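Working notes, structure below.
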Amino acid sequence: SWETIRLIKERIEIGCNHYPNRAAHLFLVNVPDFFSKVFRLAEPLLSPQTKKKISILTEKEVANGAMKKIIHPRQLLPEYAGNCKIQFGQSTWDKKLRRHVQKVQRKKRS
């Protein structure tokens, strides 16, 4: 609907105006067909610089190593054709961040 397109455009404008170039690249993996169609409608609203950063990948493209063109295999989990042994959320940095967030949340409650 036009309301959906207006909402998408509004969100894109907020992101572009207030958070420019926050991501080096965005991978959208195994998205439903309807998303690809909605994305095609929203794509003209994106700057050429932003469009270059977005990759919509199928499961087969991921299995064939499409993400390795941008991310080193040591940083990709096996399900993304990489060889990283650390599961998501289990790195030293992730654990420190989780402890910090929990500490802040406890202070807010007391």
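If r is the Cβ-Cβ distance from residue 109 to residue 63 and R0 is 30 Å, what FRET efficiency results, to the nearest 0.05?
Here the calculated transfer efficiency is 0.10.
I'd like the FRET efficiency for residue 72 and residue 95, computed as 1/(1 + (r/R0)^6) with the beta carbon distance as r and R0 of 30 Å, rounded to 0.05.
Working: r = 22 Å, r/R0 = 0.73.
According to the calculation, E is roughly 0.85.
Got a number for carbon plus sulfur as a percent of the stretch 1-65's accessible area, 1.4 Å probe?
Values: 2890 of 5060 Å².
Of the solvent-accessible surface of the stretch 1-65, carbon and sulfur hold 57 percent.
In a Gaussian network model over the chain where Cα atoms closer than 10 Å are linked, find which of 38, 29, 62 has the largest mean-square fluctuation.
38
Given +1 on the Cβ of Lys and Arg, -1 on the Cβ of Asp and Glu, and no further charges, what dipole in debye does the chain carry about its Cα centre, rounded to the nearest 20? Before the final figure, lay out each step's value.
Working: 23 positive and 9 negative charges, 189 e Å.
The dipole of the chain has a size of about 900 debye.
Return a whole-number percent for the relative contact order of the chain, with Cα pairs under 8 Å and 6 or more residues apart as the contact set.
Details: 73 pairs, mean separation 20.5, N = 110.
It rounds to 19 percent for the chain.
Beyond 27 Å between alpha-carbons counts as too far, so tell me which of 37/69; 60/96; 60/85; 37/95; 9/53 fall in that bin. All intermediate terms of the calculation are to be shown ahead of the outcome.
Working: 37/69 25 Å; 60/96 35 Å; 60/85 22 Å; 37/95 38 Å; 9/53 18 Å.
Beyond 27 Å: 60/96; 37/95.
Could I have the simple spin-label model distance between residue 18 and residue 54, label points 7 Å from Cα toward Cβ, reported in nm to one decimal?
If labels sit at residue 18 and residue 54, their model points lie 1.9 nm apart.
So, for the chain, what is the accessible surface per residue at a probe of 1.4 Å, expressed in square angstrom? Could the numbers behind the result be given before it?
Numbers: 9130 Å² over 110 residues.
For the chain, the solvent-accessible area averages 83 Å² per residue.
Compute the distance in nm between two label points, each set 7 Å from the Cα along the Cα-to-Cβ direction, one at residue 42 and one at residue 26.
0.6
With volume of the Cα convex hull per residue in Å³ defined as stated, name the option among (1) 159; (2) 129; (3) 87 computed from the structure displayed.
(1)
Just to confirm the filter: which trypsin sites (Lys or Arg not before Pro) across the stretch 3-94 are DSSP coil and have at most 16 other Cβ within 10 angstrom of their Cβ?
Numbers: sites: 6, 9, 11, 22, 37, 40, 51, 52, 53, 60, 68, 69, 74, 85; in loops: 22, 53, 85.
When the trypsin sites (Lys or Arg not before Pro) of the stretch 3-94 are filtered for loop state and at most 16 Cβ neighbours within 10 Å, 22, 53, 85 remain.
The values are calculated or read from the model by the stated rules, or taken from the named source; none is laboratory data. Note that the structure is a prediction, hence the values are computed from the model and not measured. In this analysis, Cβ positions are derived from the backbone assuming ideal geometry, glycine residues included, and neighbour counts consider all displayed protein chains. Surface areas here come from the heavy atoms of the whole protein model, side chains and all, with no ligands, DNA or RNA. Shrake-Rupley method; radii C 1.70, N 1.55, O 1.52, S 1.80 Å.
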